[in-house]
Amino acid sequence: MEPLNDHSGLLSLPRELRDNIYLNVLDVKHPLYLFKEDNSDDVEVFAPRTPARWLALLHTNRKIHAEACETLYGRHKFVFVDTAKSQGDLLGVFLHKIGAVNAGYLTHVCINFPAMIVDRQDQNAARKPDLLELELLQERCGSLRTLEAFVYGQNSKGLVAGRYSPTLGSLSTPEALLQVDAKFKAIPSLPAVLIKPSNGPLAPEVVELMQGFGWVISVGR
């Protein structure tokens with residue numbers, strides 16, 4: 001829905017007070033979960049504890065819409081809920097829909113760790129769409145300060161405890177993780193990456209490698 005053209009008395013207030021109002025109205029104390037159905041370009045938002053007409057302020061007028069979006073996108077953790085197979089598509093659609101300016105406000109994003117290929121030595125270790133996803137964050141999310149990456153055992157079998165593999169695709173495991181680290185480090189605003197194992201602990205060898213890159217590994221879910 002496009003913001004309306006009418007004027008609002010809110011604009012007569014100083015910008016600092018307007019920002020406080022945006023914060024009080026829009027800020028929620030839980031992540032915003034994003035998902036979409038296969039073969040659809042509609043991104044859905046699951047926000048369980050938001051009040052009725054939570055986003056009504058964004059439809060007051062264009063100026064308020066633009067100002068309030070900085071709070072909406074800059075103050076929340078956005079969790080991309082999808083399979084590793086299609087998550088890059090979800091991220092790309094979402095960033096396209098919110099536009100370059102709003103994408104630049106994002107500060108906290110949660111994605112899947114790039115899926116790793118174990119048994120195909122003729123292929124690159126990390127799936128290309130997942131690496132492109134990290135490039136999207138680099139190109140469009142210039143304010144990103146926190147990146148969480150979930151490691152799912154079914155997508156990265158060679159990284160989890162009891163199933164460690166010294167090779168991933170055509171690369172050694174250290175080389176494969178170094179490839180991912182290069183993508184993380186190419187995001188200039190990002191001070192650190194938080195790795196969150198989702199289906200049991202990581203293999204000790206993998207923990208050592210990841211910590212060597214400066215990644216922070218969460219001990220809980």
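The values are calculated or read from the model by the stated rules, or taken from the named source; none is laboratory data. Source: prediction; values computed, not measured. So basically every Cβ, Gly included, is an ideal-geometry build from the backbone, and we count neighbours across all protein chains shown.
Of the candidates ASP27, ASP38, ASP42, ASP6, the single residue that is modelled with pLDDT under 90 and touching a Lys or Arg at 6+ places or on another chain (Cβ under 7 Å) is ASP42.
Where in the stretch 23-110 are the strands (runs of 3 or more DSSP E), entirely inside, with at least 3 residues that are under 12 Å from the mean Cα position of the chain (by Cα) and touching a residue at least 12 places away in the same chain (Cβ under 8 Å)?
Hits in the stretch 23-110: 32-35, 77-80.
In the stretch 162-177, what residues are surrounded by fewer than 18 Cβ atoms within 10 Å (Cβ to Cβ) and either touching a strand residue (DSSP E or B) at 6+ places or on another chain (Cβ under 7 Å) or in a loop (DSSP other than H, G, I, E, B) (or both)? Within the stretch 162-177, GLY162, ARG163, TYR164, PRO166, SER170 meet the criteria.
Taking the stretch 64-79 as the range and being within 13 Å of LEU10 (Cα to Cα) and among the acidic types (Asp, Glu) as the test, only GLU67 passes. Filtered by the rule that a residue be touching a residue at least 12 places away in the same chain (Cβ under 8 Å), surrounded by fewer than 15 Cβ atoms within 10 Å (Cβ to Cβ) and out of contact with any Asp or Glu (no Cβ under 9 Å at 6 or more places or on another chain), the stretch 202-221 gives PRO204, VAL216, ARG221.
In the stretch 102-122, how many are at pLDDT below 70 and not polar (S, T, N, Q)? Walk me through it before giving the result.
As a first pass, look at the stretch 102-122 and keep what is at pLDDT below 70: 118-122.
If we keep only those that are not polar (S, T, N, Q) too, we end up with 118-120, 122.
Looking only at that region, the number is 4.
Scanning the stretch 19-44 for residues that are within 23 Å of THR60 (Cβ to Cβ), surrounded by 10 or more Cβ atoms within 10 Å (Cβ to Cβ) and out of contact with any Leu (no Cβ under 6 Å at 6 or more places or on another chain) yields ASP19, ASN20, ILE21, TYR22, LEU23, ASP27, VAL28, LEU32. Assess whether ALA126 counts as being among the small types (Gly, Ala, Ser) and more than 17 Å from the chain's Cα centre (by Cα). When the stated conditions are applied, ALA126 passes them. Residues in the stretch 177-199 that are closer than 16 Å to ALA115 by Cα and touching a Gly at 6+ places or on another chain (Cβ under 7 Å): 1 in all. Selection over the stretch 179-188 of residues that are over 25 Å from GLY153 (Cβ atoms) and surrounded by 13 or more Cβ atoms within 10 Å (Cβ to Cβ) gives a count of 3.
Looking only at residues in the stretch 149-161 that are part of a loop (DSSP other than H, G, I, E, B) and at pLDDT 85 or above, the one that is surrounded by the fewest Cβ atoms within 10 Å (Cβ to Cβ) is ALA161.
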